[in-house]
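Asker: Attaching a single structure in structure tokens format; questions to follow.
The values are calculated or read from the model by the stated rules, or taken from the named source; none is laboratory data. Just so it is clear, the structure is predicted and the values come from calculations on it, not from any experiment. Reconstructed Cβ throughout: ideal geometry from the backbone, glycine too, with neighbour counts over all protein chains shown. The accessibility values were calculated without ligands, DNA or RNA, using every heavy atom of the protein model including side chains. Shrake-Rupley method; radii C 1.70, N 1.55, O 1.52, S 1.80 Å.
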Amino acid sequence: MRKGFEKLSRRQVLARGVSVVGAASGVLGAGHVLAQAAPAAAPARFKVGLMLPYSGTYAKLGEAIENGMRMAVAEKGGRLAGREVEWIKLDDESEPKKADANARRLVQQDKVDVIVGTVHSGVQMAIQKVVAESGTLSIIPNAGVHAVTRNACLPNVFRTSFTMGQPTVALGQAMIERKARRAVWVTWDYPAGADSLEGFREGYVKAGGSIVKELKVPFPSTDFSAVLAEIAQLKPDAVACFFAGGGAVKFMQDYEKAGLRHRIPLYGSGFLTEGVLGDTGTAAEGILTTLHYSNLLPSVRNGEFRYTYSRTFRSEPDVYAMQGYDSGLLLRQGLEAVQGDTGKREQLYGAMEAAVIDSPRGQWRMGKAHNPVQDIYLRTVANGENRIIGVAAKALEDSGAGCKLA
Ligand code: PHB
């Protein structure tokens, strides 16, 4: 085990005369006679490390996740299993090169109890390496890269969002039903784009479609001129894509400006149209997407979530806000099962594995490889909103290929 990651076993901690919960406060020294001790110390504060993008193309996504997470904790009076919460924020800039140092800072210097992060799949890969060494609890509130919950899966890592292939595997059938048999695929060149394509290929080709060209743009470039020129020249029946955040807005606007919107229908993983419809004007109208959420889901649960979120944060919740909220719900369930005692690792992970989350997206359960098992909705943009037009896949579970947790 690396230096700096040393953790006391429960027996060691008990031998030193402090409870695991109170360990960080260190109020009772070894050998202290309990009868003379002051009243029991309050449990140490529970440290939540928020490793999220607060700048760059994914800045709004990071903010929405934080808001959602805070809302779930606020519902319990700002506490987790009775413990006060300390929030430690870190802007990861969606920059994989800085990700290892950033994750180590949270673990070694700030000594967080959990890392909640992140959005960008490349940064997530680096977090995964750090928490593999330290054993720190890790909740992924967005990034969908397959490897972290397939081959590289870990008992201390749980995802509350989706895997990249979940929305795209469900897209193909809907496209074929709309006579889009020859499609161009386009995305950013990084792990999230590659895994979205994997899902798209699986669903679309199986449904009878053929991908005439796979195009890539470097992340986070928003110069789409070359790929749009190629699409115009190839004249496919449709284009399918993965883009998100600020880059998604620019892509849809450039697609419209290039005169393609009415000629070649655009489809996407639903992130394309999430949290951005206030900025896209007509460019997003009519686009069909697949996702595990729409803020228009008609359930009471979603209505309550939307009401409280929009009153508290003065903005409409989107898929990212919902995922942040569900991260808070999962953490609450886990910690309540061990009365806030994170030393009870096995019980904590067991409770998180058994969790059924009463989410604004609809109820979901944790799959064997620690991904949500969830419905994928078919949506279309109408009057600046993601209208639901059906369920594209019911209770979809990622394959978890190569993961030996089960
Ligand atoms: C990712 O990098 O995994 C990612 C980023 C933004 C999204 C979805 C996935 O909207």
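Asker: Can you tell me the equivalent ellipsoid semi-axes for segment 331-406? Use √(5λ) from the Cα gyration tensor, largest first, whole Å.
Answerer: Semi-axes (√(5λ), whole Å): 31, 17, 8.
Asker: Quick check of the Kirkwood formula: for segment 141-267, what is the inverse mean of 1/r over all pairs of different Cα atoms, in Å?
Answerer: That comes to 15.2 Å for segment 141-267.
Asker: Please report, in whole Å, how far the alpha carbons of segment 192-286 spread along each principal axis, starting with the longest.
Answerer: Here the Cα extents, ordered largest to smallest, are 35, 27, 26 Å.
Asker: Please state, to two decimals, what the Cα-based radius of gyration of segment 181-243 comes to when divided by 2.2 N^0.38 Å (N = residues). Write down the numbers at each step before the final one.
Answerer: Numbers: Rg = 11.4 Å, N = 63, 2.2 N^0.38 = 10.6 Å.
For segment 181-243, the normalised Cα radius of gyration is 1.07.
Asker: So for segment 212-343, considering every pair of alpha-carbon atoms, how many percent are separated by more than 18 Å?
Answerer: 62 percent
Asker: Note down the net charge around THR273, summing +1 for each Lys or Arg and -1 for each Asp or Glu among other residues with Cβ under 12 Å from its Cβ.
Answerer: Once positives and negatives cancel, what remains is -3.
Asker: Shifting gears a bit: Return an integer: the convex hull volume of the alpha-carbon atoms of segment 75-181, in Å³ per residue. Display every interim value, and only then the final one.
Answerer: On the way: hull volume 15.9 nm³, N = 107.
With only Cα atoms used, segment 75-181 gives 149 Å³ per residue.
Asker: Also: Determine the per residue accessible area of segment 262-316 with all protein chains present and a 1.4 angstrom probe, expressed in square angstrom.
Answerer: Heavy-atom SASA per residue in segment 262-316 reads 44 Å².
Asker: Which trypsin sites (Lys or Arg not before Pro) from segment 348-406 combine a DSSP loop assignment with at most 12 other Cβ atoms within 10 Å?
Answerer: Taking segment 348-406 and a limit of 12 other Cβ atoms within 10 Å, the loop trypsin sites (Lys or Arg not before Pro) found are LYS404.
Asker: Select from ARG45, ARG263, ARG150 the residue whose mean-square fluctuation is largest in a Gaussian network model of the chain (Cα-Cα springs shorter than 10 Å).
Answerer: Comparing ARG45, ARG263, ARG150 in a Gaussian network model of the chain, the most mobile one is ARG263.
Asker: Picking from THR290, THR160, THR136, which is most flexible by a Gaussian network model of the chain using Cα springs under 10 Å?
Answerer: Result for the chain, Cα springs under 10 Å: THR136 fluctuates most.
Asker: Shifting gears a bit: Taking the DSSP beta bridges in the chain as the whole, what percent of them are antiparallel, to the nearest 5?
Answerer: Roughly 35 percent of the DSSP beta bridges within the chain come out antiparallel.
Asker: Something else about it: Quick one: Debye curve from the alpha-carbon atoms of segment 88-150 only, equal weights, vacuum; give me log10 I(q)/I(0) at q = 0.17, 0.19, 0.23, 0.29 Å⁻¹ to two decimals.
Answerer: Taken in order of the listed q values, log10 I(q)/I(0) reads -0.47, -0.60, -0.91, -1.51.
Asker: What lysines could a cross-link reach from LYS97, if we take a straight Cα to Cα line under 22 Å and drop same-chain neighbours fewer than 8 places away?
Answerer: Within the straight-line cut-off, LYS97 pairs with LYS60, LYS89, LYS111, LYS129, LYS216.
Asker: Out of the trypsin sites (Lys or Arg not before Pro) in segment 54-117, which ones are loop residues according to DSSP with at most 14 other C-beta atoms within 10 Å? Present the calculation step by step, with values, prior to reporting the outcome.
Answerer: Details: sites: LYS60, ARG70, LYS76, ARG79, ARG83, LYS89, LYS97, LYS98, ARG104, ARG105, LYS111; in loops: LYS76, LYS111.
Here the sparse-neighbourhood loop sites are LYS111.
Asker: Right, something else. Find out how many positive minus negative residues lie around ARG45, taking Lys and Arg as positive, Asp and Glu as negative, among other residues whose Cβ is under 10 Å from that of ARG45. Don't skip to the end; give the middle numbers.
Answerer: Details: positive: LYS47, ARG79, ARG83; negative: GLU84, GLU86, ASP113.
So the surrounding residues net to 0.
Asker: Please report, as a whole percent, how much of the solvent-accessible surface of segment 213-338 comes from carbon and sulfur atoms (probe radius 1.4 Å).
Answerer: Carbon plus sulfur share of accessible area: 53 percent.
Asker: Another one. Over the alpha carbons of the chain, what is the largest minus smallest coordinate on each principal axis, giving the biggest first in Å?
Answerer: Computed over the Cα atoms, the extents are 82, 42, 35 Å.
Asker: Another question, then. Quick one: putting +1 on the C-beta of Lys and Arg, -1 on the C-beta of Asp and Glu, what dipole do you get for the chain around its Cα centre, in Debye to the nearest 20?
Answerer: Here the chain has a charge dipole of around 680 debye.
Asker: Compute the distance from the alpha-carbon center of segment 359-406 to that of segment 279-307, in whole Å.
Answerer: Here the two parts' Cα centres lie 14 Å apart.
Asker: How many times 2.2 N^0.38 Å is the alpha carbon radius of gyration of segment 276-364?
Answerer: In units of the globular-protein estimate, segment 276-364 measures up at 1.36.
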